[in-house]
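Trainee: Mind having a look at this structure? Questions to follow.
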Amino acid sequence: MRPAIAPKLVIRRSDGSVYEMEWDKDAISIGRDGANDIIIAHSLASRRHARLDHDENGFSIYDLESTNGTYVNGERIQDGCLLHHQDQIIIADTVITFQDPEATVKGALPPEVLRAVREQEQAREREELVVDSYAKAVYIKGELLQPPLTVKEFQLLELLYQRTGQIVSKNDIAEVVWDYEVFDYNAIDALIYRLRQRIEPEPTNPRYLITQRGFGYRLITSPKE
């Protein structure tokens with residue numbers, strides 16, 4: 001049964017733009033392809049990435065076996081996930097907040113939700129290295145990196161930035177940056193080397209782009225002194 005007042009989806013892009021849409025039909029498609037209801041024009045989004053469904057059980061998000069995953073409140077979902085008021089769906093560089101009109105009238109947000117939002121904002125403020133996907137720009141300690149990175153250098157850094165703190169394997173890098181299977185991992189090693197030359201104060205002693213031997217690489221945007 002459809003609710004009297006349709007829920008809202010608040011869609012926030014990495015460039016700071018925000019817009020709202022009503023969830024006024026049973027299914028809403030999300031992905032990079034232009035045929036989707038919500039289009040995420042980003043290299044980390046799959047063409048058919050996720051689907052929002054409404055049925056007798058409520059409102060849910062389903063990942064459609066995307067390459068880089070769908071996250072709800074920071075946790076990657078394996079299949080479907082029932083949504084609650086103010087849940088945040090993260091796909092590539094886009095955050096979609098689910099607003100349940102029935103829950104809105106019940107009062108203030110729970111303290112743990114407000115605390116999580118504040119912690120997330122504070123973490124972003126502490127970042128030394130920031131990647132702006134829409135402007136294709138990189139900032140280090142507030143300074144714009146000049147000259148700009150090459151396309152592949154930026155794609156690699158963008159991938160690592162989207163997964164800040166997580167280990168990214170060479171297979172993942174090959175799939176996203178080259179968009180096809182790459183068996184010559186020397187090309188990835190060379191790309192990592194060139195990127196370090198551009199972003200690291202001391203490329204031989206990396207501060208941001210860390211090697212996890214045997215596993216891959218991870219990006220630290222707020223390193224401790």
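The values are calculated or read from the model by the stated rules, or taken from the named source; none is laboratory data. Because the structure is a prediction, the values reported are computed rather than measured. Cβ placement follows ideal geometry from the backbone for every residue including glycine, while neighbour counts extend to all protein chains displayed. The protein model used for the area step is the full one, side chains on, heavy atoms only, and it has no ligands, DNA or RNA in it. Shrake-Rupley method; radii C 1.70, N 1.55, O 1.52, S 1.80 Å.
Trainee: What number of residues within the range 163-181 are open to solvent by 60 Å² or more (accessible area, probe 1.4 Å) and part of a helix (DSSP H, G or I)?
Mentor: 2
Trainee: Shifting gears a bit: Test GLY69 against the stated conditions and say whether it is loosely packed, with under 15 Cβ neighbours inside 10 Å, of a type in the set (Gly, Ala, Ser) and either in a loop (DSSP other than H, G, I, E, B) or out of contact with any strand residue (DSSP E or B) (no Cβ under 9 Å at 6 or more places or on another chain) (or both).
Mentor: Judged against the criteria, GLY69 is not a match.
Trainee: Another one. Which one is least open to solvent (accessible area, probe 1.4 Å), of the residues in the range 133-155 that are out of contact with any Pro (no Cβ under 8 Å at 6 or more places or on another chain) and under 14 Å from LEU44 (Cα atoms)?
Mentor: SER133
Trainee: Within 23 Å of GLU75 (Cα to Cα), modelled with pLDDT of 90 or more and not in a helix (DSSP H, G or I): which single residue out of ARG207, ARG218 fits that description?
Mentor: That would be ARG218, the only listed residue that is within 23 Å of GLU75 (Cα to Cα), modelled with pLDDT of 90 or more and not in a helix (DSSP H, G or I).
Trainee: OK, next. Does the range 182-200 include one or more residues that are farther than 30 Å from GLN99 by Cα, outside any helix (DSSP H, G or I) and modelled with pLDDT of 85 or more?
Mentor: Checking the range 182-200: at least one residue is farther than 30 Å from GLN99 by Cα, outside any helix (DSSP H, G or I) and modelled with pLDDT of 85 or more.
Trainee: OK, next. Scan the range 68-82 and report the pairs whose first residue is on the phi < 0 side of the Ramachandran plot and whose second residue is among the charged types (D, E, K, R) and assigned to a loop (DSSP other than H, G, I, E, B), with Cβ atoms within less than 7 Å and a gap of 6+ or a chain change.
Mentor: VAL72/ASP87
Trainee: Going through the range 182-225 one residue at a time, which ones are aromatic (Phe, Trp, Tyr) and out of contact with any Asp or Glu (no Cβ under 9 Å at 6 or more places or on another chain)?
Mentor: Listed by number, the residues that qualify are PHE183, TYR185, TYR193, PHE215, TYR217.
Trainee: Is there any pair linking a residue in the range 30-41 that is without any contact (Cβ under 8 Å) to a residue 24 or more places away in the chain to one that is among the hydroxyl-bearing types (Ser, Thr, Tyr) and not in a loop (DSSP other than H, G, I, E, B), with Cβ under 7 Å and at least six apart or on different chains, and which?
Mentor: ASN36/SER29; ASP37/SER29
Trainee: Would you mind stating whether TYR185 is hydroxyl-bearing (Ser, Thr, Tyr), open to solvent by 40 Å² or more (accessible area, probe 1.4 Å) and out of contact with any helix residue (DSSP H, G or I) (no Cβ under 8 Å at 6 or more places or on another chain)?
Mentor: Here the answer is no, as TYR185 does not meet what is asked.
Trainee: A follow-up question, please. Of everything in the range 48-57 that's part of a loop (DSSP other than H, G, I, E, B) and modelled with pLDDT of 90 or more, which residue is farthest from ASP93 (Cα to Cα)?
Mentor: ARG48
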